[in-house]
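Encoded as structure tokens, the structure appears first; notes follow it.
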């Protein structure tokens, strides 16, 4: 059976329509597993950014004359 679902794209913050085929319980389990994996990857990226510390985006050089 084909089901139409809406999923949240965590990168863009928008909902996207998606057609999936199969048993509804299996689809739910698969989607939940994918969501857990995405959350774990996002948490790992955030932890890595925290460990690196602040990022310098601009450097100003004072010229001595």
Query raised in the report: For the subset of the stretch 9-59 comprising residues that are in contact with a helix residue (DSSP H, G or I) (Cβ under 9 Å, 6 or more places away or on another chain) and assigned to a strand (DSSP E or B), which member is surrounded by the fewest Cβ atoms within 10 Å (Cβ to Cβ)?
Result: 21
Report summary line: residue 36 fails exactly one of (1) more than 14 Å from the chain's Cα centre (by Cα); (2) modelled with pLDDT of 85 or more, namely (1)
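The values are calculated or read from the model by the stated rules, or taken from the named source; none is laboratory data. Note that the coordinates shown come from a computational prediction; the quantities given were computed from them, not determined experimentally. FYI the Cβ positions are ideal-geometry reconstructions off the backbone, even for glycines, and counts take in every protein chain you see.
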